[in-house]
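The values are calculated or read from the model by the stated rules, or taken from the named source; none is laboratory data. Everything numeric here is computed off the predicted structure, so don't read it as measured data. Because the Cβ atoms are built from the backbone with ideal geometry, glycine has one as well, and the counts that use them run over all protein chains shown. Accessible surface areas use protein heavy atoms only, side chains included; no ligands, DNA or RNA. Shrake-Rupley method; radii C 1.70, N 1.55, O 1.52, S 1.80 Å.
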Amino acid sequence: MAISDFEEKRCKREMEKFLSGHRPPAHIRNEVDIGYRLENQSVEIFEIRPHWQNASEKTQTPVAKATYVKSQKEWRIYWYKSDMKWHRYEPSPEVKYFEGFLSIVGQDSHGCFWG
């Protein structure tokens, strides 16, 4: 089940704030950038880079994901491990508010999201 329209708008607003403070400087965004997508009840943050074999193509590498679990009224946090699978972020596997997820990803105190 997808999140409500209200929650979707709130997530987009908070993601735009997050991106404005965490994107690389404009002059290097053609080499590395970050973006996000909202799908159903999840918000995924990804890194955007030119493909290593064809610089005119862009690749998106997953960084972090938050999935809303309506029955628990919480956001579950995941990180994309080197095995190319999503794993629960064990230091803080869930938060009550979406902003808490963004704070954890932005701080990255365990080096799971940004390396």
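Which of the following values of semi-axes √(5λ) of the Cα gyration tensor in Å was calculated from the structure shown: (1) 28, 13, 12; (2) 24, 16, 14; (3) 39, 22, 11? Computed from these coordinates, semi-axes √(5λ) of the Cα gyration tensor in Å corresponds to label (2). Compute the helix-to-body angle for 5-22: its Cα long axis versus the longest principal axis of the chain, expressed 0 to 90° and rounded to tens. Approximately 40 degrees, to the nearest 10. Peptides 51-63, 94-106 ranked from most to least packed by the mean count of surrounding Cβ atoms within 10 Å: 94-106, 51-63.
At 0.36 nm per residue, minus the direct Cα-Cα distance, what do Thr61 and Glu7 gain on full extension? Give it in nm, one decimal, please.
Details: separation 54, 0.36 × 54 = 19.44 nm, distance 2.51 nm.
Taking Thr61 through Glu7 to full extension adds about 16.9 nm, to one decimal.
Residues of the chain: accessible area per residue at 1.4 Å, in Å²? List each step's numbers first, then the result.
Values: 7290 Å² over 115 residues.
Normalised by residue count, the accessible surface of the chain is 63 Å².
Dividing the summed helix terms, -39500 (n - 2.57) for each DSSP H run of n ≥ 4, by the number of residues in the chain produces a 222 nm estimate of -8000 deg cm²/dmol to the nearest 500. Computed from label points 7 Å out along Cα-Cβ, the spacing between Arg88 and His27 is 4.5 nm.
Computed from Cα atoms, the angle from the helix 98-107 axis to the main principal axis of the chain rounds to 40 degrees.
Leaving out ligands, DNA and RNA, and with a 1.4 Å probe, what % of the accessible surface on the chain is carbon or sulfur? Each step should come with its number before you reach the end.
Working: 3550 of 7290 Å².
So the carbon and sulfur contribution to the accessible surface is 49 percent.
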